[in-house]
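Below you'll find the structure, written out as structure tokens, and then a few comments.
Just so it is clear, none of the values below were taken in a lab; they were calculated from the coordinates. In this text the structure is predicted, and so the values were computed from the model without any measurement. Methodologically, a virtual Cβ is constructed for each residue, glycine included, from the backbone with ideal geometry; neighbour enumeration extends over all protein chains shown.
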Amino acid sequence: MGQQTALYQKHLQMNAKLVDFGGWDMPINYGSQVEEHHKVRTDVGMFDVSHMTVVDVTGADAKEYLRYLLANDVIRLKERGKALYSGMLNETGGVVDDLIVYLMTDPDVAGEWFRVVVNCGTREKDLRWMADHTAGFDNVALTERPELAMVAIQGPNALARVISVVSESRGKLIENLKPFQGLESEGWFFARTGYTGEDGLEVMVPEEYVADFWQALADAGVAPCGLGARDTLRLEAGMNLYGSDMDEKISPLSANMGWTIAWEPADRDFVGRQALENQRSAGVKQKLVGLVLESRGVLRSHQKVMINGEEAGEITSGTFSPTLGCSIAMARVSAEIADTCHVDMRGKLVEVKVVKPSFVRNGAKVFS
Amino acid sequence: MSDIPSDLKYVASHEWIRDEGDGVVTIGITDHAQDLLGDVVFVELPEVGAEFATGDDLGVVESVKAASDVYAPLSGEVIAINEELEDAPELVNSDPYGDGWFVQIRLSDESETDDLLDADGYAELCEAES
């Protein structure tokens with residue numbers, strides 16, 4: 001028996017099939033992963049993501065600390081609630097974890113603070129890493145917030161459906177949220193972020209209220225969805241999964257995360273900067289691409305990618321895309337790859353199309 | 001608990017066998033197997049006329065989770081395949097003992113059926129595996 005979120009009893013009531021995920025008992029599906037996937041693309045679904053780790057970063061040096069800790073630069077957060085996606089790198093330029101950081105106050109005010117959300121499977125490592133790197137900053141406090149449960153409500157009807165079950169003042173706040181912005185309302189935190197490629201919210205709720213919130217959403221027609229659908233949705237959206245698409249040995253430059261590195265200002269020192277600059281000047285040998293299999297079969301992680309009969313990389317994440325009706329994958333391959341290549345699928349070479357690693361956004365196919 | 005009809009026979013690799021008489025059997029995968037696989041997205045079946053010995057690869061089931069071989073539970077010649085599965089592989093999930101059948105085989109050695117498990121034997125095996 002693993003750790004249980006505050007929604008565990010709800011999952012049992014709703015016939016979830018539970019699996020171990022990073023030490024937590026989490027729903028993999030509530031019947032059909034494919035139906036849950038379609039529900040998010042066409043209407044709205046909800047996910048229990050309470051297992052994720054929330055850390056508040058406060059103190060007068062909070063900003064300078066995060067500017068040193070992260071490859072992206074929190075100075076880009078110019079408005080209350082704005083969110084930033086970043087890698088947290090080690091000295092060799094590998095990815096310790098990927099995370100979201102929200103600016104919780106107006107920018108550049110006294111008492112300015114941030115909220116960071118990291119992966120569940122990397123919790124202990126991340127907390128240690130973050131604590132170790134406070135050395136040299138006099139005034140930084142890290143506070144984990146395990147008492148906050150988190151529900152992701154995703155899909156074209158997500159905002160309207162959440163507004164229908166919350167108080168009027170919270171509804172107003174949601175209506176005015178910009179994409180990639182999160183704001184607090186009476187102890188609840190509503191962020192217009194997600195991991196599906198659809199519009200939606202991630203809502204942090206004190207755990208004593210989350211079961212009622214979940215039930216109200218279910219009564220309003222929001223479909224409970226498991227980790228299975230979460231994985232096919234994020235892969236269609238071209239979003240990386242830590243531990244599969246990148247890890248401590250992989251540079252963000254080889255993981256389609258180059259856009260998350262804030263090179264300017266050039267005098268900002270951040271952990272991993274020197275290594276990344278060396279990699280950039282030496283030339284990056286491998287990149288993360290998208291693969292599409294138009295014939296039958298399903299691409300799976302660790303299958304080999306072949307160019308002209310030579311091994312040229314491997315699949316990092318592969319699945320069947322319910323939206324496209326064919327298999328898609330992300331693969332780390334030689335940077336010289338052309339627009340087609342082959343994959344060794346259970347001993348058989350199949351031809352696949354090479355595309356940018358993004359397949360579906362807002363319900364529609366994005367590659368040609 | 002998964003559904004295990006008492007009028008069928010089973011093998012440990014989670015295929016079911018229905019005796020259609022005249023040395024012909026219908027084969028599919030069990031409710032327990034489809035539940036383990038999750039949503040089925042492709043089924044690869046043999047050609048009509050192909051011959052198999054017990055234990056040979058008969059086909060492949062691909063689900064959202066994994067690719068899984070289907071083994072011939074008995075020796076014989078394929079006389080029909082379920083073409084519906086090409087466009088509607090989800091039938092394997094929704095009706096594993098009915099519309100989700102895979103192939104029909106004309107047995108080459110009917111005495112092999114003596115080795116099959118009955119429903120109780122298969123239920124015990126699933127129990128032991130879980």
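Quick notes on this structure:
- Cβ-derived FRET efficiency at R0 41 Å, B:Asp114 paired with A:Leu324, nearest 0.05: 0.30
- Estimated from helices alone, the mean residue ellipticity of chain B at 222 nm is -5000 deg cm²/dmol (sum of -39500 (n - 2.57) over DSSP H runs with n ≥ 4, per residue).
- Spatial separation of Cα centroids for the range A:29-93 and the range A:182-248, in angstrom: 11
- Straight-line cross-link partners of A:Lys353 among the lysines, defined as a Cα under 17 Å from its Cα and at least 8 positions apart when in the same chain: A:Lys287, A:Lys304, A:Lys365.
- Scattering curve values for the range A:48-95, log₁₀ I(q)/I(0), Debye with Cα scatterers, q = 0.28, 0.29 Å⁻¹: -1.19, -1.21
- Estimated FRET transfer efficiency (A:Thr340, B:Ala66; beta-carbon r; R0 30 Å; 0.05): 0.70
- Which of B:His14, A:His11 has the fewest Cβ neighbours within 10 Å, and the rest in rising order: A:His11, B:His14
- Sites matching trypsin sites (Lys or Arg not before Pro) across the range A:283-337 that sit in DSSP coil, with at most 13 neighbouring C-beta atoms within 10 Å: A:Lys285
- On full extension, the segment bounded by A:Glu264 and A:Ala141 gains 41.6 nm, given 0.36 nm per residue less the C-alpha separation.
- Lys/Arg +1, Asp/Glu -1 at C-beta; the range B:9-129 dipole; positive extreme among B:Ala67, B:Ala128, B:Leu107: B:Ala67
- Computed from the Cβ-Cβ distance with R0 of 25 Å, the FRET efficiency linking A:Arg128 to A:Lys249 stands at 0.85.
- Cross-link partners of A:Lys78 among lysines (Cα-Cα below 17 Å; sequence separation of 8 or more within a chain): A:Lys63, A:Lys178
- The mean number of Cβ atoms from other chains found within 10 Å of a Cβ in peptide A:292-300 is 3, as a whole number.
- Equivalent-ellipsoid semi-axes of chain A, from the Cα gyration tensor, Å, largest first: 32, 29, 17
- For A:226-234, mean number of other protein chain Cβ atoms within 10 Å: 1
- Largest-first principal axis extents of the Cα set of the range A:168-310 (Å): 58, 51, 25
- Here the spin labels are modelled as points 7 Å beyond Cα on the Cα-Cβ line, and at B:Leu125 and A:His302 they lie 2.6 nm apart.
- Highest-first packing order for the peptide set B:66-73, A:31-38 is A:31-38, B:66-73, based on the mean count of other beta carbon atoms within 10 Å.
- Peptide A:29-39, shielding by other chains (average Cβ, 10 Å cutoff): 3
- Dipole magnitude of the range A:161-278, debye to nearest 20 (Cβ charges: Lys/Arg +1, Asp/Glu -1, about Cα centre): 220
- Taken over the range B:9-129, the percentage of Cα pairs per 5 Å bin, counting from 0 up to the bin with the maximum distance, is 2, 12, 24, 25, 21, 12, 4, 0.
- Environment charge at A:Ala60 (Cβ cut-off 15 Å; Lys +1, Arg +1, Asp -1, Glu -1): -4
- Considering only A:Arg67, A:Arg230, A:Arg145, the mean-square fluctuation computed in a Gaussian network model of chain A, springs between alpha carbons under 10 angstrom, is largest for A:Arg145.
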